[in-house]
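Working notes, structure below.
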Amino acid sequence: MTDALAEYIDELRDDETTLGLLLHGSRALGFGRQDSDYDLIRVVTDDSFRQRKAAGALLERHHLADGSRADVLYQSPGHLGELAGRPDWYTATYISVRVLLDKTGELTELVTLIVDAASEAAAARVSDEYDDYLNYWVRSIKAWRRGDELGGRLHAAASVYPLLRALFGLERQWPPYHDQLEARLHELERLQGWGSGELRTQIIALLEGGAPGVQQRLQTRVEALFRSRGVEHQWGDDLEPLKRLEL
């Protein structure tokens, strides 16, 4: 922690409406550059939050003592509790946060609640995400079969995110934002028996072209992985002809 950030935290300790401070983004994950902004969540009382929301002042740009920039989002305990009850796109923000200040201990408990709820939600939707991945896979292979290169490429690219959600869900993990994915892939590969860097290579291959052979080999690996974890797809034998199709 820099001296300037520590100074800002000391200021917040004396602010009666402030309950705590969270750090997220690249600096929380450990790969921020020297000139990276600080992504901060300032947790204030519910009353203060309502006043700021009414005034349209839930986000501000703050300059620390050393000139560093900080993007400060205001939250409240009540709103954080609501977020825990409905995981969505914003949930990834809280998965890797660092608690910099927690005056009452409530903030640490709320972050844990959000992470735990996200884990449950990720695990619960594994089968649906797996099915979505296979749906895009089927559509892509069929598009390639009829000579529709554009459709084949687009469906291959669209299969990436449900596949990642399903893979992370197998480990009861909420998927990160795209720009934070690379930092999480190594651990996912280790847990699931992929080679080092293999998932990254496969994802790029899907995004760059989604060639049928690439997709067929990946689908075989994915199906074996999910079956080993007790997750079977609902497509029966419908996938078999597409697996063997030579294009």
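The values are calculated or read from the model by the stated rules, or taken from the named source; none is laboratory data. The structure presented is a predicted model; accordingly, all values stated were derived computationally and were not measured. When we count neighbours, we look across all protein chains shown, and the Cβ atoms used for this are built from the backbone with ideal geometry, even at glycine. Just so you know, the surface numbers come from the protein's heavy atoms only, side chains and all, with ligands and any DNA or RNA stripped out. Shrake-Rupley method; radii C 1.70, N 1.55, O 1.52, S 1.80 Å.
Pull up the stretch 159-203, narrow it to residues that are among the basic types (Lys, Arg) and in a helix (DSSP H, G or I), then point me to the one that is most open to solvent (accessible area, probe 1.4 Å).
Among those residues, the one meeting the criterion is ARG190.
Return a yes/no flag: does the stretch 221-235 have any residue that is assigned to a helix (DSSP H, G or I), aromatic (Phe, Trp, Tyr) and either open to solvent by 20 Å² or more (accessible area, probe 1.4 Å) or in contact (Cβ under 8 Å) with a residue 60 or more places away in the chain (or both).
Within the stretch 221-235 (the criterion being assigned to a helix (DSSP H, G or I), aromatic (Phe, Trp, Tyr) and either open to solvent by 20 Å² or more (accessible area, probe 1.4 Å) or in contact (Cβ under 8 Å) with a residue 60 or more places away in the chain (or both)), the answer is yes, since at least one residue qualifies.
Which one is modelled with the lowest pLDDT, of the residues in the stretch 176-190 that are touching a Lys or Arg at 6+ places or on another chain (Cβ under 9 Å) and under 16 Å from LEU207 (Cβ atoms)?
GLU182
Given the conditions (1) farther than 16 Å from LEU164 by Cβ; (2) in contact with a helix residue (DSSP H, G or I) (Cβ under 6 Å, 6 or more places away or on another chain); (3) free of Cβ contacts under 8 Å to residues at least 60 places away in the same chain, report the number of the one that PRO212 does not fulfil.
(3)
Can you give me the ranges of the helices (runs of 4 or more DSSP H) entirely in the stretch 1-91 with at least 1 residues that are in contact with a helix residue (DSSP H, G or I) (Cβ under 9 Å, 6 or more places away or on another chain), in contact (Cβ under 8 Å) with a residue 60 or more places away in the chain and under 26 Å from PRO175 (Cα atoms)?
Ranges flagged: 26-29.
Of the residues GLU223, GLU198, which is out of contact with any helix residue (DSSP H, G or I) (no Cβ under 7 Å at 6 or more places or on another chain) and modelled with pLDDT of 95 or more?
Going through GLU223, GLU198 in turn, the sole match is GLU223.
Within 25 Å of ASP3 (Cβ to Cβ) and in contact with a Phe, Trp or Tyr (Cβ under 9 Å, 6 or more places away or on another chain), is that true of ARG42?
The answer is yes for ARG42.
Can GLY210 be described as out of contact with any Gly (no Cβ under 8 Å at 6 or more places or on another chain), at pLDDT 95 or above and not aromatic (Phe, Trp, Tyr)?
no
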